Amino acid sequence: MADTVDINELGRSIDPKRLSDEQLLATLGTALRDGDPADVDPSLFARLVKGASKQQLATVIASDVRGPVLAAIFGRMSEFYSSKGAGGNRQVVHWHIKDGDVVDSFETVLHGGTCTVTEGTSEEPRTALTMPGTEFLRIVTNNANPVTLFMTRKLKVAGDVGFATALQKMFQIPSA
């Protein structure tokens, strides 16, 4: 495998199910380390997530690639925010990606047509979402239905459940 990996080329040309967990990790790690996460085509990333097995996603989320993947997703979240349905008030959402004892938390503030993301949480949220990393990857790539995940208890919602269901309409999520 080449020293530098273009994740967009990877998304176009490789079926993740043909890679071992280790090959997928190595490839994603190289692409995120050597490339700019802002250059990743979201629909191609969605295709990679869609094509990956649940075990492959679990391996990615349990590895040292977890941090860069989450940082890349949250780092670009504001690009996909559409204030449609948000109302004019300041809305705070907490995202907790929880796998065993490992929890990564992010805060999004939706206000005035903008979405600001910070790592960690500091304000009282209108709603807080807690889910495993594999389900988070599937939700943010439009490969899972958040309502179904909520009904099957894979997604936990604290606070305003109605607002949480409206979040999906507030983001233009790229699909595979």
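The values are calculated or read from the model by the stated rules, or taken from the named source; none is laboratory data. In this text, all values refer to a predicted model and were calculated from it rather than measured experimentally. Using ideal geometry, Cβ is built from the backbone for each residue, glycine included, and neighbour counts are taken over all protein chains shown. In case anyone asks, the SASA skips ligands and DNA or RNA and just uses the protein heavy atoms, side chains included. Shrake-Rupley method; radii C 1.70, N 1.55, O 1.52, S 1.80 Å.
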If you take the residues in the stretch 64-99 that are open to solvent by 40 Å² or more (accessible area, probe 1.4 Å) and basic (Lys, Arg), which one is nearest to Asn142 (Cα to Cα)?
Lys84
Would you point out the residue of the stretch 149-176, among those that are in a loop (DSSP other than H, G, I, E, B) and modelled with pLDDT of 90 or more, that is least open to solvent (accessible area, probe 1.4 Å)?
Leu155
Quick one: is Val102 under 17 Å from the mean Cα position of the chain (by Cα) and open to solvent by 40 Å² or more (accessible area, probe 1.4 Å)?
yes
Among the residues of the stretch 115-130, write down those that are touching a helix residue (DSSP H, G or I) at 6+ places or on another chain (Cβ under 7 Å), outside any loop (DSSP other than H, G, I, E, B) and not hydroxyl-bearing (Ser, Thr, Tyr).
Cys115, Val117, Leu129
